[in-house]
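Undergrad: The structure follows.
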Amino acid sequence: MRLGALEVKLQPRASLPGWKAALISVLAIVVALLLFSVLFVLARVSPLEAYREIISYAFFNRFGLPLSISRGIFLLLCTYAFIVPYQAGLWNIGMTGQLYLGSLAVYAVVLALGGKANPSAAYPAGLIIPLLMLAAMAAGAAYAGVAGFLKGKFNVNEIVVTMLMNFIAFWLVSYTIKEGGPFMGGSGEGEGFKLPAALNAPLVAGVPFTAFLALALAVLLTFMFAKTKVGYEIRAYGKSPAAARYAGISGLRIPVLVFLIGGALAGLAGYHYFAAVPGVYKIPTNYGYFGDLAFYGIICGLIALGHPLPAIPVALLFGGLSVGGRFAQGKLHMNFGLDYALLGVLMITLVAFQFFYRYQIVVTRLEREPADVRVLR
Amino acid sequence: MQHETINGFQRGAPVLELRGITKRFPGVLANDRIDLEMRAGEIHAILGENGAGKTTLMKILYGMLQPDEGEIYIRGQRVKFHSPQDAIALGIGMVHQNRTLVAAHTVLENIVLGHPRAGRVLNLKRAGEEVAALCERYGFKVDLKASVWQLSEGEKQVVEILKALYRGARILILDEPTSALAPSETEKLLASIQAMANDELAIVPFITHKLPIVLATSHRVTVLRGGRVTARLDTANANERILAREMVGREVIFRLERATVERGAPVLQVEGLSALSNRGYLALRNVSFTVHEGEIFGIAGVSGNGQHELAEVLAGLRPAVGGRVLLDGKDITNASTLERWRLGMGYIPAERNEVGSIGDFSLVENTAMNYYFDPQYARRGIVDYKAMRRLTEEIIAHYKVVTPGPDVRARNLSGGNLQKVILGRVLARRPRVIIANLPTQGLDVGATEFVQNQLIEAKKAGAAVLLISEDLDEVLALSDRIAPIYEGAFMGILPGGEAEREHVGAMIAGTLPKDLVV
């Protein structure tokens, strides 16, 4: 494209330093917020005031901030569940189903221990809570492992399998908590029974301990990909299954392994939100809302280019905006789903800006053509 | 009408001139004051090794790159290309090495696709007649109604040429025109190229290696090295030695010394091995042979005769449907690839970009492909990347790999340099048996010589080498014993030193020479 004496071109990038990727993401967020202002204006709300409400509640309010962190951590665990298979070139679209299975496993264990009939009994929390987490991770892993096995053994598309298994899990939860299901709560209003108070996850600085666990996992996963043998195998398989086979890496083991790890992390997300976040401690009626939120793990993973550490700020931002959006919607009397609309616009903009991960705009000054040169066009 | 810009050439008249073309990339002077003159009716070969600046020059000629300095003249008129469209409009056509055809469409649809005259409604009948006329004129035989995916590499090449001609090209740029072709296809293509030149087209083939083809077909040769023209001569005055010297910058020995090494114990024993192709038919039929220590066993054959399946079965990448494979007396027929690596097998795959390396990985990570499982380089599940890096640096130094460093991604290396890295990391394991599948395919003269010498060195060091090659001269020069393969079976096993080229040539085509006693 030519603008006067300047020529503007798109050129593929040879490489992308981390700080530039971060800059592009920040730019995308700014653009998304500008675009979304249009909706506020149409609803006769001042965009500045709306954003002030959203951000101050999400990140600077003593009620809002813990909520934002809990949601952000939930999203972060779902993001890991996406990232691990993604590094092996496989797409886990089933975090929703896997986290449902994880939370079902938690309450199955509690039920087996008599926690439903006797909610005020004293339990050895130091023993039972790790057991609940393990159950959640095992259930999520097993559920996702099906997709990994089908992929590795029969080359069945993992996107389709994980996606469809989400629906099975959704209705399975519905069956267990509604209309006389085994996990139905005492009120009979379509929610699960409450976790015995003795088994509520301990809080550290006002947030569930799982938040710190999730942050530590980012370091662990980064180390795994960068330094370990299994991390090498996963990345090699992700870049080129044919070359990985040549190097002696099993085409069955890697898909199964990454889905087991991914599913376990999604299962942990299920434990975190439905058994560790204050004020929840049960499978709520609106569990579908969190299942939908889990899909943003895909977006966070893509924005973070499949790396666990950069996923942390992205997931926390998304979690905070969903909390702040919901709050501002009520406060400003807006009549649409502000939280999801905002996340949606943010997502589209961030994905669109990924274009600049691969291309850059180059502006060059055109020389004046000598008079005898035949220039076409 | 489509030829109006360029018609009326006189044979021998200059049609295209480059003067002082210079192109710089960050850190590289890709083209350094290149002068070039093409004449009508001439086949003008541009020779050069990988990295000599051929690709850059070709892109400048086709308008894909703009030169930093220098001028382009077409029939004496100075021109400037901003994009390939400008070049096409002036009658320049390019036939790419990496085909740009749509596999699901027919030949005719591909030729017409994107043609400016095609308009919104295709007149395929008229186009078909015009293309058929072109085919007849230049001796191309291709079914216009066939889908492109059904075609051989040679036929796809023809379609690319027809596409350029149909768009009115009078100056044809051919990128490595024969690199993917079988010998019979090469002959046909060269005949058509001659016919086109006789019709006053200027043909500009860019060639890395295959000097005999240059000598047999071209009228003039320009040799590039390090971005400069090092020689410009009439083919009549050239020979292989001169061209190779100008290209590589030193004398190249074409006769490799066959090192005689005491043949040792059997290492690789193959008994009645059979395997299926990807399409499910029996591609390898009941093949038996033994490779000993200090021996190069060469398998000669035209592409698609089962040698690729043989290599994959031996490497554990394809299951055998019959027979067995022994490595140092141990049955490895059903062993995994990893076990074979551990037992001392080294495999150099034919597909160096897709299988032998990972383009997005650094050279260090690529080296790790054959070491990540080795206790010496991975302890307690942690890969010792520092040691991997040292090994990679050693390979780079020892094999003279041209690269800015060990952290460069593999996709940025030229074919020859990448092959050196692959060869280096496989040989550094000191394998008992080396399976080298087309180790020099697509490499330039210097890299080919290097790879061949490394295989000889490995043999001298006592390794058993299985060489699979489509280059008859390479098999003849290197092998201690030669097995010509045809339709999945050996036509015999000949002693290397005494095998006649004609005999082996006949056997890979499926005929047993009468005067041959096996």
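The values are calculated or read from the model by the stated rules, or taken from the named source; none is laboratory data. All figures in this text were calculated on a predicted structure; none of them were measured in a lab. Reconstructed Cβ throughout: ideal geometry from the backbone, glycine too, with neighbour counts over all protein chains shown. Ligands, DNA and RNA are stripped out before the accessible areas are found, and what is left, the full protein with its side chains, is counted by its heavy atoms. Shrake-Rupley method; radii C 1.70, N 1.55, O 1.52, S 1.80 Å.
Undergrad: Over region A:63-312, what percent of the accessible surface lies on carbon and sulfur atoms, probe 1.4 Å?
TA: Of all accessible area on region A:63-312, carbon and sulfur atoms account for 72 percent.
Undergrad: Can I ask one more? Provide Rg and Dmax in Å for region B:364-421, with only Cα atoms included in the calculation.
TA: Computed over the Cα atoms of region B:364-421, radius of gyration and Dmax are 11.6, 35 Å.
Undergrad: What is the interface area between chains A and B, defined as buried accessible area summed over both chains with a 1.4 Å probe, reported in Å² to the nearest 100?
TA: Numbers: alone 18420 and 23650 Å², together 39170 Å².
The summed interface area works out to 2900 Å².
Undergrad: At a Förster distance of 22 Å, what's the computed FRET efficiency of B:Thr290 paired with B:Thr260, Cβ-Cβ distance as r, to 0.05? Could you put the intermediate results ahead of the total?
TA: Numbers: r = 19 Å, r/R0 = 0.86.
Computed FRET efficiency for B:Thr290 and B:Thr260: 0.70.
Undergrad: How big is Rg to Rh over region B:302-394, alpha-carbon atoms, Rh as the Kirkwood inverse-mean-distance radius? Each step should come with its number before you reach the end.
TA: Working: Rg = 15.3 Å, Rh = 15.0 Å.
For region B:302-394, the value is 1.02.
Undergrad: Can you give me the accessible area per residue for the protein assembly as shown, using a 1.4 Å probe, in Å²? The partial results should precede the final answer.
TA: Working: 39170 Å² over 895 residues.
On a per-residue basis, 44 Å².
Undergrad: Would you please name the trypsin sites (Lys or Arg not before Pro) within region A:47-103 that are DSSP coil residues with at most 11 other C-beta atoms within 10 Å of their C-beta? Could the numbers behind the result be given before it?
TA: Numbers: sites: A:Arg52, A:Arg62, A:Arg71; in loops: A:Arg62.
Sites meeting the loop and neighbour criteria: A:Arg62.
Undergrad: Please compute the modelled spin-label separation between B:Ala104 and A:Val31, points set 7 Å along Cα→Cβ, answer in nm with one decimal.
TA: 3.1 nm
Undergrad: B:Ile34's amide H: which non-local residues (gap 5+, or another chain) put their own amide H closer than 5 Å, with H modeled 1.01 Å from N in plane and none for Pro or chain starts?
TA: B:Gly20, B:Ile21, B:Thr22
Undergrad: Mind checking the mean number of beta-carbon atoms from other chains within 10 Å of the Cβ atoms in B:478-487?
TA: Numbers: counts 0, 0, 0, 0, 0, 0, 0, 0, 0, 0.
Mean shielding count: 0.
Undergrad: Please state the Cα pair-distance histogram of region A:63-312 with 10 angstrom bins from zero: what percent is in each bin?
TA: Computed distribution, short to long bins: 8, 33, 34, 18, 6, 1.
Undergrad: Specify the longest stretch of chain B that does not include any exposed loop site, a site being one of the GluC sites (Glu not before Pro) with a non-H, G, I, E, B DSSP assignment and at most 15 other Cβ atoms within 10 Å. Let's see the in-between values first.
TA: On the way: sites that count: B:Glu4, B:Glu251, B:Glu257, B:Glu262, B:Glu351, B:Glu354, B:Glu487, B:Glu498, B:Glu500.
The reported range is B:5-250.
Undergrad: D for the protein assembly as shown, whole µm²/s, Stokes-Einstein with Kirkwood Rh over alpha-carbon pairs at 4 °C and 1.567 mPa s: what number?
TA: Values: Rh = 31.8 Å.
For these conditions, the coefficient is 41 µm²/s.
Undergrad: Now for a separate question. What list of whole percents do you get for P(r) of chain B, with Cα-Cα distances grouped in 20 Å bins up to the one holding the largest distance?
TA: All Cα pairs, binned at 20 Å, distribute as 21, 50, 27, 2 percent.
Undergrad: Now a separate question. Within chain A, what's the longest stretch lacking GluC sites (Glu not before Pro) that sit in DSSP loops with no more than 11 other Cβ atoms inside 10 Å? Working shown, then result.
TA: On the way: sites that count: A:Glu179, A:Glu189, A:Glu367.
Result for the longest clean stretch: A:1-178.
Undergrad: Tell me which residues come under 5 Å, amide H to amide H, from B:Tyr486 once H is placed; ignore anything under 5 positions away on its chain.
TA: Amide H neighbours of B:Tyr486: B:Met491.
Undergrad: Please give the calculated 222 nm ellipticity per residue for chain A, where each DSSP H segment of at least 4 residues contributes -39500 (n - 2.57) and the sum is spread over every residue; nearest 500 deg cm²/dmol?
TA: On the way: 15 runs with 249 residues, N = 377.
So the calculated ellipticity at 222 nm is -22000 deg cm²/dmol.
Undergrad: What accessible surface, in Å², does a 1.4 Å probe find on A:Asp292, ignoring ligands, DNA and RNA and rounding to the nearest 10?
TA: 80 Å²
Undergrad: Take every DSSP beta bridge whose two residues both sit in chain B, then give the antiparallel share in percent to the nearest 5. Provide the component values of the computation, followed by the final result.
TA: Details: 44 of 80 bridges.
Looking only at bridges with both residues in chain B, the antiparallel portion is about 55 percent.
Undergrad: Now for a separate question. Under the definition of partner shielding as Cβ atoms of other protein chains within 10 Å of a residue Cβ, what is the mean value for peptide A:227-234? Before the final figure, lay out the partial values.
TA: On the way: counts 5, 6, 10, 3, 4, 11, 3, 0.
Average per residue, whole number: 5.
Undergrad: How many Cβ atoms of partner chains, on average, are near each residue of B:79-85 if near means within 10 Å of its Cβ? Intermediate results must be reported in sequence, preceding the final value.
TA: Details: counts 4, 6, 2, 5, 2, 0, 2.
Mean partner shielding for this stretch: 3.
Undergrad: How much length, in nm to one decimal, is gained on full extension between B:Gln150 and B:His82, taken as 0.36 nm per residue of separation minus their Cα-Cα distance? Walk me through the intermediate numbers first.
TA: Working: separation 68, 0.36 × 68 = 24.48 nm, distance 3.56 nm.
Full extension from B:Gln150 to B:His82 adds 20.9 nm.
Undergrad: Taking 7 Å along the Cα-to-C-beta vector as the label spot, tell me the A:Ala5-A:Ala242 distance in nanometres, rounded to one decimal.
TA: Each label point is offset 7 Å from its Cα along the Cβ direction, giving 5.0 nm.
Undergrad: A further question on this structure: Specify which residue in the list B:Val131, A:Ala269, A:Ala5 is farthest towards the positive end of the charge dipole of the protein assembly as shown, using unit charges on the beta carbon of Lys, Arg (+1) and Asp, Glu (-1), about the Cα centre.
TA: A:Ala269
Undergrad: Debye sum, Cα scatterers, region B:453-518, no solvent: what log₁₀ I/I(0) at q = 0.14, 0.15, 0.16, 0.26 1/Å?
TA: Treating every Cα as an identical point scatterer, log10 I(q)/I(0) equals -0.41, -0.47, -0.53, -1.18.
Undergrad: Nearest 10 degrees is fine. How inclined is helix B:124-138 to the longest principal axis of chain B, computing both from alpha carbons?
TA: Taking the Cα atoms of chain B, the angle to B:124-138 is about 80 degrees.
Undergrad: Using alpha carbon coordinates only, what is the Rg to Rh ratio of region B:5-248, with Rh defined as the Kirkwood radius? If you can, show how the numbers build up before the last one.
TA: Working: Rg = 17.6 Å, Rh = 18.3 Å.
Reported Rg/Rh, Kirkwood definition of Rh: 0.96.
Undergrad: Can you give the angle from 0 to 90° between the axis of helix B:153-166 and the longest principal axis of chain B, with both taken from C-alpha atoms, to the nearest 10?
TA: Long axis of B:153-166 versus the principal axis of chain B: about 10 degrees.
Undergrad: By Kyte-Doolittle mean hydropathy of at least 0.5 and Cα axial length of at least 24 Å, which whole DSSP H helices of chain A are selected?
TA: Numbers: long enough: A:18-42 (37 Å, 2.50); A:64-87 (33 Å, 1.24); A:95-112 (25 Å, 1.48); A:125-154 (43 Å, 1.50); A:158-177 (28 Å, 1.68); A:210-227 (25 Å, 2.07); A:253-275 (32 Å, 1.39); A:308-331 (34 Å, 0.82).
Within chain A the helices that satisfy the rule are A:18-42, A:64-87, A:95-112, A:125-154, A:158-177, A:210-227, A:253-275, A:308-331.
Undergrad: Collect residues whose amide H, placed 1.01 Å from N in the peptide plane, falls under 5 Å from the amide H of B:Tyr399; neighbours closer than 5 in sequence don't count.
TA: none
Undergrad: Nearest 500 deg cm²/dmol is fine: what mean residue ellipticity at 222 nm does chain B get from its DSSP H runs of n ≥ 4 alone, each adding -39,500 (n - 2.57), divided by its residue count? Intermediate values should be presented prior to the final figure.
TA: Working: 16 runs with 159 residues, N = 518.
That comes out to -9000 deg cm²/dmol.
Undergrad: Here is a further query. Of all the accessible heavy-atom surface of region B:5-248, with the other protein chains kept in place and a 1.4 Å probe, what percent is carbon and sulfur? It would help to have the intermediate numbers written out before the result.
TA: On the way: 5080 of 10420 Å².
Accessible surface attributable to carbon and sulfur in region B:5-248 totals 49 percent.
Undergrad: Tell me, how many Å apart are the Cα centres for region B:453-486 and for region B:330-399?
TA: Going from one Cα centre to the other spans 23 Å.
Undergrad: Kindly provide the pair-distance distribution of region B:320-477 built from C-alpha pairs, with 5 Å bins from 0 and whole-percent values in order of increasing distance.
TA: 2, 9, 18, 21, 21, 15, 9, 4, 1, 0
Undergrad: So, in Å, what gap is there between the alpha-carbon centers of region B:144-216 and region A:1-23?
TA: 37 Å
Undergrad: Now for a different question. Among A:Thr162, A:Thr349, A:Thr96, which one moves the most in a GNM of chain A with springs linking Cα atoms closer than 10 Å?
TA: Fluctuation is largest for A:Thr349.
Undergrad: Which of the lysines could be linked to A:Lys20 by a straight reach, that is with a Cα gap under 28 Å, when you skip same-chain ones fewer than 8 residues away?
TA: Within the straight-line cut-off, A:Lys20 pairs with A:Lys9, A:Lys227, A:Lys239, B:Lys386.
Undergrad: Suppose R0 equals 56 Å. What FRET efficiency, 1/(1 + (r/R0)^6) with r the Cβ-Cβ distance, do B:Glu457 and A:Arg44 give to the nearest 0.05?
TA: Details: r = 81 Å, r/R0 = 1.45.
For B:Glu457 and A:Arg44, the calculated efficiency is 0.10.
Undergrad: Do you know the relative contact order of chain B, to the nearest whole percent, from alpha carbon pairs under 8 angstrom that are 6+ apart? Each step should come with its number before you reach the end.
TA: Details: 1040 pairs, mean separation 74.3, N = 518.
So the answer I get is 14 percent.
Undergrad: Another one. Restricting to DSSP loop positions (anything but H, G, I, E, B) with no more than 15 other Cβ atoms inside 10 Å of their own Cβ, which chymotrypsin sites (Phe, Trp or Tyr not before Pro) remain in region A:6-86? Show your work: numbers first, answer last.
TA: On the way: sites: A:Trp19, A:Phe36, A:Phe40, A:Tyr51, A:Tyr57, A:Phe59, A:Phe60, A:Phe63, A:Phe74, A:Tyr80, A:Phe82, A:Tyr86; in loops: A:Phe63.
Counting only loop positions with at most 15 other Cβ atoms within 10 Å, the chymotrypsin sites (Phe, Trp or Tyr not before Pro) in region A:6-86 are A:Phe63.
Undergrad: Right, something else. What do you get for trypsin sites (Lys or Arg not before Pro) in region B:430-518 restricted to DSSP loop and a cutoff of at most 16 other Cβ within 10 Å of the site's Cβ? Please list the in-between numbers first.
TA: Numbers: sites: B:Arg432, B:Lys459, B:Lys460, B:Arg481, B:Arg501, B:Lys514; in loops: B:Arg432, B:Lys514.
Qualifying residues, ordered by number: B:Lys514.
Undergrad: Of A:Val41, A:Val109, B:Val131, which has the most accessible area and how do the rest follow, probe 1.4 Å? Intermediate results must be reported in sequence, preceding the final value.
TA: Working: A:Val41 85, A:Val109 35, B:Val131 0 Å².
Descending order: A:Val41, A:Val109, B:Val131.
Undergrad: Something else about it: If I model a spin label as a point 7 Å beyond the Cα along the Cα-Cβ vector, how far apart are those points for B:Arg137 and A:His333 in nm?
TA: Label at B:Arg137, label at A:His333, 8.0 nm between them.
Undergrad: Continuing with this model, one more query. At a probe radius of 1.4 Å, what is the per-residue accessible area of A:Ser25, in Å² to the nearest 10?
TA: It works out to around 20 Å².
Undergrad: Pairing the Cα long axis of helix B:445-460 with the longest principal axis of chain B, what angle in degrees results, from 0 to 90 and rounded to the nearest 10?
TA: It is inclined by approximately 10 degrees.
Undergrad: What range in chain B is the longest one free of chymotrypsin sites (Phe, Trp or Tyr not before Pro) that are in a loop by DSSP and have at most 16 other Cβ atoms within 10 angstrom?
TA: Values: sites that count: B:Phe254, B:Tyr281.
Answer from the scan: B:1-253.
Undergrad: Then there's this: Leaving ligands, DNA and RNA out of it, work out the accessible area of A:Met165 with a 1.4 Å probe and give it in Å² to the nearest 10.
TA: Approximately 30 Å² for this residue.
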